[in-house]
Structures are given as structure tokens and as C-alpha cells.
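Scroll down for the structure; my scribbles are underneath it.
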Amino acid sequence: MSPLAVLEPGGDAATALYIVAFSLFILGVRRGTHPTTAKQGNMIAAVGMAVAVVTTLLLDGIGNWGLIAIGLGVGTTIGVVASIRVQMTEMPQMVALYNGVGGGAVALIAWSEIRHGISLGGDIPLEELIPTLFAAVVGSVSFWGSNIAFAKLQDLIPTRPLAVPGQQVINAVLLIGIVAACVDIAVNNGDPSQALFIGILVAAAVLGNLVVLPIGGADMPVVISLLNAFTGLSAAAAGFALHNVALIVAGTLVGSSGTILTMEMATAMNRSVGNVLFAGFGGAPAAGAGTGEERPHVSIGAQDAAIKLAYADSVVIVPGYGLAVAQAQHAIKEVADELEKRGVTVNYAIHPVAGRMPGHMNVLLAEADVPYEQLKEMDEINPEMPRTDVAVVVGANDVTNPAAKNDPDSPIAGMPIIEVDQAQQVIVIKRSLSPGFAGIDNDLFYEPNTSMLFADAKQAAADIAAEIQQL
Amino acid sequence: MSIMTEVTIFVLAAFVGFEVISKVPTTLHTPLMSQTNAIHGIVMLGGLIVVGYANDPLEYVIGTIAIAFGAINIVGGFMVTDRMLGMFSKKPKPKADADGKGGK
């Protein structure tokens, strides 16, 4: 078989090395929970992965080295090039894409396992067959769901919820069909039907598409996190099928940690996971917002904004995804530097879901060298708002909408917000009055103490910085 | 390994996952999601194993794609996480670190 085959599959040596590998994963994730040790933690986990891969390559029975080389070569090249090219703003869709291929790999491995079982004359033991079926279904859902999430975030398809009439019914029928087909294969495990198995893969693919398509762009991070957990669980299932302890532990680790992350994100948005998945949130009120007559608002230019800011004592900058899209983080940092030179206190208010994913905005601002201490979390900054002279909202929208607190009928009612409406004055830098991801009008724009600066965030920030310099 | 041993491992690993990840600061959700995402790329091991006993053209193709997918997941996942976390560890010393451009 293999020229390298030195380890017996399931033998003590291989298992010991797998134990080393998953211990490194656990240590790595643990270190990933603190900003100072996270980079090191990621390295530790990567070393664990290297140990696991090398161990597997040394197993007796590994063969077809040409194919392995092709797979590894192509995959590594794509992975390296994609991660070097990707912009920090595109991080959420990158995670979605990587998650998708992981799920795809699981589904393909399950298919190969089934074929292998059939070629050996059927009679696949249930303790292998059931995890294989689970891996196939969840892997396929995860692959297609993640690709849809990627396409939505990359604006390849509309981010608005796309719902088919009778959506829930179709999903339920698909799910029941999948389960029934799985039961059929399991009952007839003496002679499982490959055609039926392929049918399951296809039905799961359709289900993955249908579940994610109706979800709005704003909720996509929660979905990606959930699909991440799914892929982890499907990898664990593949581990059961292949009796591979490294797969079981690593997959389960991701499954349970992904579940926690998902719930924390949903909590930060004041939603339940079920609500995210099934409410089709983010599109319904759009029509109302678009057709309404223009409400009165105050519009100002960069010079006025510069004057307001330069003569303030304390300024809070509220960055949102618009800032990231405009790549304005560096220009905003310049404004902050100019203000600090004049003795103005500058802080940044980071909403838990600022950017497109929790923590995404922190990454972007760190990229622009904004000191970590100036990044204030929502609960920390909100009590400071009434004592803040000017709040500058840059490319953020829904997370500042006072309707979340004041209007119980609003689709975002109850969502925690940065309370910029409490500040003495508000400057909103935005290209237009158009609604954000939630698809609703922002009452903040029409408050008497709000001034709108209609411009591209980066240009506006650069202009303001220049104006402040001349004051 | 018996099925119940595997289930034992599964349950314990689930608890470890919950414990390890609880109370993560929101700041680190994105990199952490990206890192755990890279870890489930471990399913590539399954690809390496099944391609070993693949014996018809379709199985060769399935196995090779599975390995490629897994490799994208692993390599891309860890590298992108490293890039993100690099943003956090950049020290506010604008001049000093200009020459020490960080190893590999």
C-alpha cells in the first residue's frame, strides 16, 4: 500500500498522536479567548492540525498518493491565495466560504464511505451507517447554506430576504423526506441504495439553499456561526463513521463552541436563534420606508462638522459597516488624531454587531491602529452619552435607531442600541437617508439635534480632518 | 474502539467546547469563529483515508475534491485568522516596528 505506512489505524501510536493533536486544538481555542494570547493560540491549533495530518498520512492503508498530492496542492494554493487577497472588510464572507468547503468535504467523504460500504457487499453496521447519513445531510446543508451566505454578503445575490410562498411547508416536507430516506437506508442496510443516498444529498442541498435564502443580510453572521457549528458536528459524525478520535474531538469542539457563539450573537441582537432562522426579518417594512414622503432633516458640510467637533470637549465616534465599506477607518483615525491634538477626548462606541459580525469592527479599527483602550463596548459608553458633546455616526444605521427603544411596533424593537440620541449633538455621515440592513427608516436622522453630512465616509472624514487643521 | 467509548469522548468533548468558549469577549468573536472554522477542516483526514481505498474513477474524484476542500478550509482558515489577530497585536509604536516585519 503506502511506502510510509508505519502506523496502524486505531493503534496506540496513532491514537496517542491524535490525542496530542486535539489537546493542541483545545489549548489553542482557550488562548483564543484573550486578545493578548489569541495569535499564539491560533498557531498552537495550527500545529495541532499539522500533527493530525502527518499522523494520518503515516497510517497503513493510505494510498493513491498522486490524488492526495493534487488535492493538497490545489486546496493549499487556493487557501493561501484567498487569505492573502481578502480584505478585512470581507472577513465574514471568507469565513462563510471556508465553512462551506468544510461541509462539502464532509458530504463527499460520507458519499465515498457509502460507496465503499456497498462495494464491500453492503451490510454496513448501523453504528457507522447512521453517522455517515448524518454527516451527509448536515454537510450538504452546510455547504449550500454557507455558499448562499457568502453570495449574499458578497452582494452576488440580493441581501434582502428571498422567500418562496409556502416556504416553511416546503422545508418541512424536505426534512421529513430526508429523514424518511435515511431511515429506509438504515433499515435496508444489508443492501443500501446509492441512488437514494444521492437523493438525500440533493434534498439536503435544496434545504440548505431554502433555509438561508430568506434570511436577511444583517442576520447572516448568526447563520454563518450556526452553520459553522453544523459543519463541526458533521465532521464529528464522520469521525464516528471512520472511528477516528481526532475527528470526533475536533468536530465536537467546534460544534459546541459554535453553538455558544451563535447564541451569544443572537443575544447581542436581542433575537432568538429560531427567530433569526424563521422570521425572514429585514425585508417586510422596506416598502413603507421607501414610499414615505421625505421627512425634514438638517444637512451640513464638512466645515460645519469640523467646527462642531473641534470645539467639543468629548466626542464619541460610532463606526458601522459603511465605514468599513468606504475603507474610512484610516481617515477617521486622522480626524481623531487632529481632535486629540486639540485636547478633545475621543472614544469609539462599538456595538456588539457593528460591522457585519461581532468583533469585526474591532478588527477593522485595529487595522487602522486605533488604540484598544479607546474602543468602548455599548454598555460602557451608553451611560456616558448624555455627557458627550458630539456623537459622530459613520456608516452605522440600525444600531443607532432610537425606534428600538421608543417604538414597540418597530421590527428592531428591543434591539440594544448605542444611544447617540442622548448626546448633545449628533453628526451622521452617510451617503443618503436610505435604510440599513433592517430595511427601516432611522428616526435618529430627523431628530432636531442631528445633522446629516451626506458624503462618502472616507472623503468626508478626510475633509473634516483637513478643516480641523485649518481652524 | 467501541461505539460507547466514542460516545463518551463525544459528550466530554462537547462539555470542553462549552467551557472553553464561554465568556469570550465580543471583540474576539470574529477571529474565534474563524479559528474554530479552521479546526473543523480536520475532516480532511477523512478525505485522506477514503481516497486510500477508493477504487473507481468517481471515488477518485470525490476523494480528491474532499481533500482539496479540506485543505482550503484548514490553510485558509488558519491564515486568515492569523491575519486578523495580527491587527490586534500591532503595537502602537509607529517607527520602531518598521524593520521587524515579523518572520515568516
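Condition test on residue A:179, is it out of contact with any Gly (no Cβ under 6 Å at 6 or more places or on another chain) and more than 14 Å from every other protein chain (Cβ to nearest Cβ)? Judged against the criteria, residue A:179 is a match.
Among the residues in segment A:388-395, are any more than 13 Å from every other protein chain (Cβ to nearest Cβ), touching a Leu at 6+ places or on another chain (Cβ under 9 Å), among the β-branched types (Val, Ile, Thr) and more than 17 Å from residue A:449 (Cβ to Cβ)? Checked segment A:388-395: at least one residue is more than 13 Å from every other protein chain (Cβ to nearest Cβ), touching a Leu at 6+ places or on another chain (Cβ under 9 Å), among the β-branched types (Val, Ile, Thr) and more than 17 Å from residue A:449 (Cβ to Cβ). Which of the residues belonging to segment A:362-377 are in contact (Cβ under 8 Å) with a residue 40 or more places away in the chain, at the interface with chain B (Cβ under 9 Å from one of its Cβ atoms) and either surrounded by 19 or more Cβ atoms within 10 Å (Cβ to Cβ) or out of contact with any Ser or Thr (no Cβ under 9 Å at 6 or more places or on another chain) (or both)? A:363, A:364, A:365, A:367 - these are the residues of segment A:362-377 that are in contact (Cβ under 8 Å) with a residue 40 or more places away in the chain, at the interface with chain B (Cβ under 9 Å from one of its Cβ atoms) and either surrounded by 19 or more Cβ atoms within 10 Å (Cβ to Cβ) or out of contact with any Ser or Thr (no Cβ under 9 Å at 6 or more places or on another chain) (or both). Consider residue A:62 carefully, then state whether it is crowded, with 18+ Cβ neighbours inside 10 Å, in a loop (DSSP other than H, G, I, E, B) and at pLDDT 90 or above. Yes.
The number of residues in segment A:244-278 being assigned to a helix (DSSP H, G or I) and closer than 30 Å to residue A:13 by Cα comes to 13. Being more than 7 Å from chain B (Cβ to nearest Cβ), part of a helix (DSSP H, G or I), within 30 Å of residue A:217 (Cα to Cα) and modelled with pLDDT of 95 or more holds for only one residue in A:77, A:55, and it is A:77. Looking at A:176, A:148, just one residue is assigned to a helix (DSSP H, G or I), within 19 Å of the chain's Cα centre (by Cα), over 30 Å from residue A:121 (Cβ atoms) and in the same structural domain as residue A:127 (by TED's automatic domain parsing), and that residue is A:148. Note on segment A:47-101: residues that are over 18 Å from residue A:150 (Cα atoms) and polar (S, T, N, Q) amount to 5. When A:399, A:390, A:394 are checked against the criterion of being surrounded by 20 or more Cβ atoms within 10 Å (Cβ to Cβ) and more than 30 Å from residue A:150 (Cα to Cα), A:390 stands alone in meeting it.
From the list A:392, A:399, the lone residue that is within 22 Å of residue A:327 (Cβ to Cβ) and assigned to a helix (DSSP H, G or I) is A:399.
If you go through segment A:97-125 and keep only what is assigned to a helix (DSSP H, G or I) and more than 9 Å from chain B (Cβ to nearest Cβ), you end up with A:114, A:117, A:118.
Inspection of segment A:371-383 finds a residue satisfying the criterion of being in a loop (DSSP other than H, G, I, E, B) and out of contact with any Cys (no Cβ under 9 Å at 6 or more places or on another chain). Residues of segment A:10-47 that are more than 7 Å from chain B (Cβ to nearest Cβ), of a type outside the set (A, V, I, L, M, F, W, C) and in contact (Cβ under 8 Å) with a residue 60 or more places away in the chain: A:15, A:18.
The values are calculated or read from the model by the stated rules, or taken from the named source; none is laboratory data. Computed from a predicted structure; not experimentally measured. FYI the Cβ positions are ideal-geometry reconstructions off the backbone, even for glycines, and counts take in every protein chain you see.
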